[in-house]
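To start, the structure itself, in structure tokens.
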Amino acid sequence: MQQQEINKMCLRIVTPVNIADGTVLSAKDYLYDAEQQKIYFLNLHEWHKFIFTHNLLTQYEAYIKNFRNTKNLLNWLQGQGYGIDDVQACVTHAASAEVNTADAKKKQTLNDVNQHIQQPDGSLYVPGSSLKGVFRTAILYKLLEDNQSVKEMHWVELHSYISSLELLLLEKEKLENAHSLPYAELNNRKKDVKKKINSTMKNIEDTSSKLEVDLLHTLSIESEAKSKPVCSALRGLQVSDSYASKNIEVAVLQKVDVGFNKEGRANEHTLSVFRECMLPGSELYFDVKIEKAFMTTLGINSIDDLLQATQKFYAAVLALLQDAFGKGYPQVFTNIDGANMFLGSNTGFLSKTLLALLAPDAKAAKETIRVLLDKSFRQHKHILRDKIISPRTLKCTTCRGEVVLMGLAEVRKV
């Protein structure tokens, strides 16, 4: 029997994908042609060399000193007597921009732009770590489905902690409005509640870590505790960075949250958040290697098994989203044939976690998730407003004139 399996894989972009590299460009870091709706990304070293060699340093320093995110760097450059053709050596790559405003040409900048991770030459790629993260979550889902007793045990423990957290958050809110209490007593009670909240959150994090250890740490290694990463069978899964591509189209797209208003009617909310994305139809290639001595302990005996687990997790998440949003937004669930994974930024809480699928039913999932989200994003009022599903919005963007889901891709063997 073969001890390992290696295969070349193809990743096809089904809906726009952004793999953020942590770089957020303000309007002073890129050139944006509002008339043509095109953005030019800069090699800042070459750009600053251009500024220096063309004796523009004083004027540029004045621009930076008085910079506001609404000021267009291309307009400033043109005011100095230069244009795009003069700075081609400074441009790493260019992309179209799709702006969701009533009059896009009046929008002179794209505010902050979240860059896609790229090679030194400016070409976009997908890190193996991003792909392996998707596979890891899919394998965990498979193992939960195969081990219902483990699933139920972890749910009971997690649900207990989150129920406690909900009560503590309500108590914290009451104390924030308890102006009649003496200051010293109020301050002490606030500190006590904060301490209990932090302790409960630590318990929740520990429960999630314990789930991973119980399911993935199947290797027995002498003198090593089971909790150590070396005991994880995922050591047997190796995923390369994408190393080749064809037909890569790139655009800067604007975030669109779709959901339901207070009256329960479907509505869309466009945000001033822009991401550099690979567009549908783009294809990239990477390698997957499975060491069977490790992976068979997880029930993964082949790359086909890995793809099957990936498909099942994707289908489970998509079913949750369609059940909640399908009637209000049927159009975003069309033209996604072949997709079998959610990948990258702005794909939503449900596509990156197992909490909703750990719960016994959709109602229990909603009640639990909205408490956790309320803890992290109090201003969004998840406990009060997440009526149908939590989170209550579907993460989308506008691409080629249509509102589409973010981050759907197909991975297959070549």
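The values are calculated or read from the model by the stated rules, or taken from the named source; none is laboratory data. All values reported here derive from a predicted model rather than from experimental measurement. Note that we place each Cβ from the backbone using ideal geometry, even for glycine, and neighbour counts take in every protein chain shown. When the accessible area is computed, the model is the full protein with side chains, heavy atoms only, and any ligands, DNA or RNA have been set aside. Shrake-Rupley method; radii C 1.70, N 1.55, O 1.52, S 1.80 Å.
Annotations
- Residue that is surrounded by the most Cβ atoms within 10 Å (Cβ to Cβ) [pool: residues in segment 370-397 that are under 17 Å from the mean Cα position of the chain (by Cα) and among the β-branched types (Val, Ile, Thr)]: THR397
- When LYS289, LYS327, LYS366 are checked against the criterion of being in a helix (DSSP H, G or I), of a type in the set (D, E, K, R) and either within 27 Å of ALA244 (Cα to Cα) or out of contact with any Gly (no Cβ under 9 Å at 6 or more places or on another chain) (or both), LYS366 stands alone in meeting it.
- Failed item, numbered, when SER129 is tested on (1) within 30 Å of ARG412 (Cβ to Cβ); (2) assigned to a loop (DSSP other than H, G, I, E, B): (2)
- Whichever residue in segment 379-410 is touching a Leu at 6+ places or on another chain (Cβ under 9 Å) and acidic (Asp, Glu) and, among such residues, is nearest to GLN322 (Cα to Cα): ASP386
- Positions within segment 207-229 being open to solvent by less than 80 Å² (accessible area, probe 1.4 Å), under 18 Å from ALA293 (Cβ atoms) and at pLDDT below 90, in sequence order: ILE221, GLU224
- Within segment 33-63, tally of residues that are free of Cβ contacts under 8 Å to residues at least 40 places away in the same chain and open to solvent by less than 60 Å² (accessible area, probe 1.4 Å): 5
- Selection of segment 265-294 for residues being within 12 Å of THR398 (Cβ to Cβ) and of a type in the set (Ser, Thr, Tyr) yields only THR270.
- Cβ-Cβ distances below 7 Å connect the following pairs, each with a first residue in segment 67-79 that is loosely packed, with under 14 Cβ neighbours inside 10 Å, a second residue that is modelled with pLDDT under 95, and a separation of six or more residues or different chains: ASN69/SER26; ASN69/ALA27; ASN69/THR109; ASN69/ASN111; THR70/GLN108; THR70/THR109.
- Residue identified as over 30 Å from PRO360 (Cβ atoms), in contact with a Cys (Cβ under 8 Å, 6 or more places away or on another chain) and not β-branched (Val, Ile, Thr) among HIS93, HIS116: HIS116
- Residue match in segment 315-336 (condition: under 17 Å from the mean Cα position of the chain (by Cα), at positive phi and surrounded by 21 or more Cβ atoms within 10 Å (Cβ to Cβ)): no
- Residue list for segment 273-287, restricted to those being out of contact with any Ser or Thr (no Cβ under 8 Å at 6 or more places or on another chain) and surrounded by 15 or more Cβ atoms within 10 Å (Cβ to Cβ): VAL273, PHE274, GLU276, MET278, LEU279
- Among the residues of segment 20-32, those that are crowded, with 17+ Cβ neighbours inside 10 Å and in a strand (DSSP E or B) comprise LEU25, TYR30, LEU31, TYR32.
- Tally of residues being at pLDDT 85 or above, part of a strand (DSSP E or B) and over 30 Å from MET295 (Cα atoms) across segment 239-267: 10
- Here VAL403 meets each of (1) assigned to a strand (DSSP E or B); (2) buried (at least 20 other Cβ atoms within 10 Å of the Cβ); (3) touching a helix residue (DSSP H, G or I) at 6+ places or on another chain (Cβ under 7 Å) with one exception, condition (2).
- Of all residues in segment 375-400 being touching a residue at least 40 places away in the same chain (Cβ under 8 Å), among the hydrophobic types (A, V, I, L, M, F, W, C) and assigned to a loop (DSSP other than H, G, I, E, B), the one that is nearest to ALA356 (Cα to Cα): ILE389
- Odd one out for SER242, checked against (1) among the hydroxyl-bearing types (Ser, Thr, Tyr); (2) within 30 Å of GLY122 (Cβ to Cβ); (3) open to solvent by 50 Å² or more (accessible area, probe 1.4 Å): (3)
- Within this structure, SER345 fails the test of being open to solvent by less than 20 Å² (accessible area, probe 1.4 Å) and either polar (S, T, N, Q) or at pLDDT 90 or above (or both).
- Among the candidates SER223, SER240, residue that is hydroxyl-bearing (Ser, Thr, Tyr) and without any contact (Cβ under 8 Å) to a residue 60 or more places away in the chain: SER223
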